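Below is one structure; the comments refer to it alone.
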């Protein structure tokens, strides 16, 4: 296990690997981690490895010479805070982010990222510090106390594979706790910070924290002499549910289409999972889903037929795996009761769920949706937005345009576009304060 601290201040941006000893953070040259801050704060904070907690603990000085904010909460003088991955620490003039990285999975003592499944059961669990030579065992970080020695078991059963939770603290499959489940293509298993994805014949370690990111710098879109999008820059992290809000004609759909590559920007750069839009081959590996405002589904097919035919076109899987995948997705999206119903006979909310189901077949890292709740009644609208929020449990990044302010609280982050400019980025509480203050000032 390793710990990193990313520091952003007036001196620039840098990353430091943390030692297992005590490290002080402050503005003095004698501090282990030197920061540039708005003031003189020697040894303001310190970090120490705690084996019992399997992480680094942040110690605030007593008295505390400057305000310290940890994950948007004010820290108290003398407080001890065990850090978790991606915790944010702010002091005046300096921003710090903690990252905790677990050791690579091992099989017979050798690193492995793709674990073939065959006729023998495979155990996944916390490794022994001395190592093990068992070929039917996958050893995870030996210091991570949240992982049991025998955490999960994968067993063959005919043509299928079943996953059993054997842990003390529970395990998530597709963001939900389980006891024993049949594995279906694209299933995501989370064990502590590890995320594994089932490919049909293997379990592979994935890194959605990098593949699910969206970044844009100085995006501009021109239509003749008219500037529709004006110098927009943004960053979206993996697993965020992001709403792009704005009035009709102000550029929110233009921004969405520029981000996903439907209509690339006139100038500026977009990267999805760190990959430029122009690199189509690598983008296919990451997986990008797009649901337009107008649903494009054959209306004479049944729900089951529409999703199955799309799966056959997109995926190279045996028929039994396709059937299992379609069954899993229809259940997850609440379509199972309508599986044999014609698409033409569905309600607007049900039809939108079919479009989303088709995009989820290929297990994208990022899903873009244009006005998914347009035309829905309030009850169906809330149900759909809650469904989209739940998709992020597997670290899927969901970005959608919407004109519905009432459901803004469901988003992790809101981007507000006005006259082609990004005028706000933050959570719903920040948005409420920001726009109330603006209204009051006017």
### Query
Any residue in the range 272-283 that is touching a residue at least 24 places away in the same chain (Cβ under 8 Å) and surrounded by 20 or more Cβ atoms within 10 Å (Cβ to Cβ)?
yes
(Q) Take the conditions in a strand (DSSP E or B), assigned by TED's automatic domain parsing to the domain that holds residue 40 and either more than 30 Å from residue 67 (Cβ to Cβ) or without any contact (Cβ under 8 Å) to a residue 24 or more places away in the chain (or both) and apply them to residue 90. Does it pass? (A) yes
Considering the range 195-204, residues that are surrounded by fewer than 22 Cβ atoms within 10 Å (Cβ to Cβ) and over 15 Å from the mean Cα position of the chain (by Cα), and then whichever is nearest to residue 144 (Cα to Cα), we arrive at 204
Those residues of the range 371-387 which are in contact with a helix residue (DSSP H, G or I) (Cβ under 8 Å, 6 or more places away or on another chain) and touching a residue at least 60 places away in the same chain (Cβ under 8 Å) amount to 371, 372
Of 272, 277, 255, the only residue that is within 15 Å of residue 222 (Cα to Cα) and assigned by TED's automatic domain parsing to the domain that holds residue 229 is 255
Note on the range 374-402: residues touching a strand residue (DSSP E or B) at 6+ places or on another chain (Cβ under 7 Å) and at pLDDT below 85 are 394
Of the residues in the range 219-262, those that are part of a loop (DSSP other than H, G, I, E, B) and either surrounded by 14 or more Cβ atoms within 10 Å (Cβ to Cβ) or without any contact (Cβ under 8 Å) to a residue 40 or more places away in the chain (or both) come to 224, 225, 237, 238, 239, 240, 246, 249, 250, 251, 261, 262
Only one of 192, 215 is surrounded by fewer than 21 Cβ atoms within 10 Å (Cβ to Cβ), under 23 Å from the mean Cα position of the chain (by Cα), modelled with pLDDT of 90 or more and over 30 Å from residue 122 (Cβ atoms), namely 215
Residues of the range 263-295 being part of a loop (DSSP other than H, G, I, E, B), modelled with pLDDT under 90 and farther than 23 Å from residue 372 by Cβ, in sequence order, are 274, 278, 279
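Every residue, every condition in (1) surrounded by 20 or more Cβ atoms within 10 Å (Cβ to Cβ); (2) touching a residue at least 24 places away in the same chain (Cβ under 8 Å); (3) touching a helix residue (DSSP H, G or I) at 6+ places or on another chain (Cβ under 9 Å), yes or no:
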| position | (1), (2), (3) |
| --- | --- |
| 285 | no, no, yes |
| 306 | yes, yes, yes |
| 323 | no, no, yes |
| 339 | no, yes, yes |
| 347 | no, yes, yes |
| 354 | yes, yes, yes |
| 357 | yes, yes, yes |
| 362 | no, yes, yes |
| 369 | yes, yes, yes |
Checked pairs for the range 416-432, first not assigned by TED's automatic domain parsing to the domain that holds residue 243, second crowded, with 17+ Cβ neighbours inside 10 Å and not in a strand (DSSP E or B), C-beta under 9 Å and 6 or more apart or across chains, list as none
In the range 158-214, anything in contact (Cβ under 8 Å) with a residue 40 or more places away in the chain and on the phi > 0 side of the Ramachandran plot is listed as 174, 175, 186, 192, 200
Condition set part of a loop (DSSP other than H, G, I, E, B) and at pLDDT 95 or above, scope the range 151-166, selection surrounded by the most Cβ atoms within 10 Å (Cβ to Cβ): answer is 151
In the range 93-107, residues that are closer than 23 Å to residue 205 by Cα and either touching a residue at least 40 places away in the same chain (Cβ under 8 Å) or assigned to a loop (DSSP other than H, G, I, E, B) (or both) total 8
Residue 299: passes all of (1) in contact with a helix residue (DSSP H, G or I) (Cβ under 8 Å, 6 or more places away or on another chain); (2) assigned to a helix (DSSP H, G or I); (3) surrounded by fewer than 19 Cβ atoms within 10 Å (Cβ to Cβ) but (2)
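The values are calculated or read from the model by the stated rules, or taken from the named source; none is laboratory data. Bear in mind that the values here come from a model prediction, so they are computed numbers and not experimental data. Virtual Cβ from ideal backbone geometry, glycine too; neighbours counted across all protein chains shown.
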